[in-house]
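Below you'll find the structure, written out as structure tokens, and then a few comments.
The values are calculated or read from the model by the stated rules, or taken from the named source; none is laboratory data. Quick caveat: nothing in here was measured; it's all calculated off a predicted structure. Positions of Cβ are backbone-derived with ideal geometry, glycine not excepted, and every protein chain shown enters the neighbour counts. Remember, those area values only see protein heavy atoms, side chains included, never the ligands or the DNA or RNA. Shrake-Rupley method; radii C 1.70, N 1.55, O 1.52, S 1.80 Å.
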Amino acid sequence: MLLPLLLAAFFLALPARANEEIVLGLSQAEVSITTNFNGSEILVYGAVKRDQPIPDGPELHVVMTVSGPSEPVVVRRKEKRFGIWVNTEAVEVDRAPSYYAVVTSGPMLDVLKRTEDLRHKVSIPRAIRSVGAPMEIADAASFTEALIRIRKKAEQYQVIESGVTVDEQTLFRAAVRLPAALTEGAYDTRIFLTRGGNVVAQYETIIDVRKVGLERWLFTLSRENAFLYGLMSLAIAIAAGWGASAIFSLLRR
């Protein structure tokens with residue numbers, strides 16, 4: 001009888017661990033793609049809600065990811081043969097986000113442990129799924145690395161360390177730049193609070209990216225009536241060529 005009472009007194013004497021929750025806001029939850037769309041910047045801001053004072057120990061850090069729709073991607077290797085570049089080996093990446101950004105409040109290796117990265121699939125390599133490479137290709141991982149390198153160059157994949165500002169371990173904010181070449185769909189946005197590299201809280205929301213206006217009409221037409229879309233494209237090309245020829249004729253006079 002004495003042992004249970006001692007154990008109860010011991011646990012009651014331990015300091016209560018603060019329950020930290022994320023309260024999030026977005027400058028815009030919807031992005032409209034029009035004919036003159038050249039990208040967009042979204043401000044992500046939030047606060048940490050607690051039922052206890054800020055806990056002692058490691059400082060609070062924030063890791064944020066924004067992921068576009070995922071789809072299979074075929075990556076081909078080019079080699080120079082007989083003086084020309086030709087496609088040789090190819091690997092299909094099972095799933096790769098069309099856009100992916102990681103924004104942190106400090107160096108990635110300091111704010112998130114590798115085990116947590118593996119569990120939550122935060123970093124770019126973890127967000128890509130590639131398991132179906134042909135057996136005859138020994139360096140299949142290099143194809144995934146090439147895909148990451150190409151999309152980083154096009155700003156479709158971004159890693160912005162120290163891009164999140166954290167004030168008093170309570171308020172945080174960051175800006176995410178969406179490039180002009182966006183795939184339509186739901187962009188999953190995740191926020192992680194970490195201490196000592198461990199995730200202590202997580203929040204998820206969605207940024208909706210949609211084509212509108214003329215862009216939406218042309219997209220729908222190309223999918224639902226490809227023949228009419230092809231005829232219209234041909235007519236526009238002929239009209240543009242005729243117009244350019246007429247302008248040059250006038251200029252020569």
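Residue-by-condition table, conditions (1) in contact with a Pro (Cβ under 6 Å, 6 or more places away or on another chain); (2) closer than 27 Å to Pro72 by Cβ; (3) at pLDDT below 95:
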| position | (1), (2), (3) |
| --- | --- |
| Leu178 | no, yes, yes |
| Ala181 | no, yes, yes |
| Arg190 | no, yes, no |
| Ile206 | no, yes, yes |
| Val209 | no, yes, yes |
| Leu214 | no, no, yes |
| Phe219 | no, yes, yes |
| Arg223 | no, yes, yes |
| Gly241 | no, no, yes |
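Scan segment 68-82 and give yes if some residue there is of a type in the set (Val, Ile, Thr), under 30 Å from Asp167 (Cβ atoms), surrounded by 10 or more Cβ atoms within 10 Å (Cβ to Cβ) and modelled with pLDDT of 75 or more, otherwise no. No: segment 68-82 contains no residue that is of a type in the set (Val, Ile, Thr), under 30 Å from Asp167 (Cβ atoms), surrounded by 10 or more Cβ atoms within 10 Å (Cβ to Cβ) and modelled with pLDDT of 75 or more.
All of Gly163, Gly196, Gly185 fail the test of being within 29 Å of Pro55 (Cα to Cα) and in contact with a Pro (Cβ under 8 Å, 6 or more places away or on another chain), apart from Gly196.
Scanning segment 94-111 for residues that are open to solvent by 10 Å² or more (accessible area, probe 1.4 Å), part of a loop (DSSP other than H, G, I, E, B) and not polar (S, T, N, Q) turns up just one, Pro107.
Of a type in the set (Asp, Glu), out of contact with any Phe, Trp or Tyr (no Cβ under 6 Å at 6 or more places or on another chain), farther than 17 Å from Thr189 by Cα and modelled with pLDDT of 80 or more: is that true of Glu155 in this structure? So Glu155 fits the description; yes. Of all the numbered requirements in (1) open to solvent by 20 Å² or more (accessible area, probe 1.4 Å); (2) free of Cβ contacts under 8 Å to residues at least 40 places away in the same chain, Gly25 misses one, and that requirement is (1). Within segment 97-121, being in contact (Cβ under 8 Å) with a residue 60 or more places away in the chain and either out of contact with any strand residue (DSSP E or B) (no Cβ under 9 Å at 6 or more places or on another chain) or among the polar types (S, T, N, Q) (or both) holds for Ser98, Thr104, Ser105. Every listed requirement among (1) under 30 Å from Arg149 (Cβ atoms); (2) at pLDDT below 90; (3) open to solvent by less than 70 Å² (accessible area, probe 1.4 Å) is met by Glu41 save one, (3).
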